[in-house]
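Worksheet: the structure to be examined is printed underneath.
The values are calculated or read from the model by the stated rules, or taken from the named source; none is laboratory data. Just so you know, these numbers come straight off a predicted model, no measurement behind them. Using ideal geometry, Cβ is built from the backbone for each residue, glycine included, and neighbour counts are taken over all protein chains shown.
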Amino acid sequence: MEKVCEESFVRYSSGGLSKKRGKGVVIVWFSNDLRVLDNEALFRAWVSSEVILPVYCVDPSLFGTTHYFGLPKTGGTVVQL
């Protein structure tokens, strides 16, 4: 993780491609991957626009229970077996 952070810092702070040169608003649709440090689509949007509108739609099925065992899929609940 530390390596990814360092590479991202170099990429965003160095010259060349990382210089902002766009105008307007870009919508970035996040599906299942919410990573921001090494997200190529987010980086391209940042370079090519003035404003980024991030969009993420929460899937209610992620908060249900598993089919076979009825265990919660997400949340702070600790299940002891």
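Return yes when Gly75 is at pLDDT 85 or above and either among the basic types (Lys, Arg) or exposed (fewer than 10 other Cβ atoms within 10 Å of the Cβ) (or both) and no when it is not. It would help to see each step written out before you state the result.
Details: at pLDDT 85 or above: no; either among the basic types (Lys, Arg) or exposed (fewer than 10 other Cβ atoms within 10 Å of the Cβ) (or both): yes.
The answer is no for Gly75.
Do you know which of the residues in region 20-55 that are under 25 Å from Lys3 (Cα atoms) and aromatic (Phe, Trp, Tyr) is surrounded by the fewest Cβ atoms within 10 Å (Cβ to Cβ)? The residue in question is Phe30. Going residue by residue through region 6-21, is there one that turns out to be modelled with pLDDT under 80 and of a type in the set (A, V, I, L, M)? Yes, region 6-21 has at least one match.
Going by the conditions given, is Ser49 at pLDDT 70 or above, among the small types (Gly, Ala, Ser) and in a loop (DSSP other than H, G, I, E, B)? Judged against the criteria, Ser49 is a match. Taking the numbered list (1) surrounded by 10 or more Cβ atoms within 10 Å (Cβ to Cβ); (2) more than 24 Å from Glu7 (Cα to Cα); (3) modelled with pLDDT of 85 or more in turn, Thr66 passes all entries but (1).
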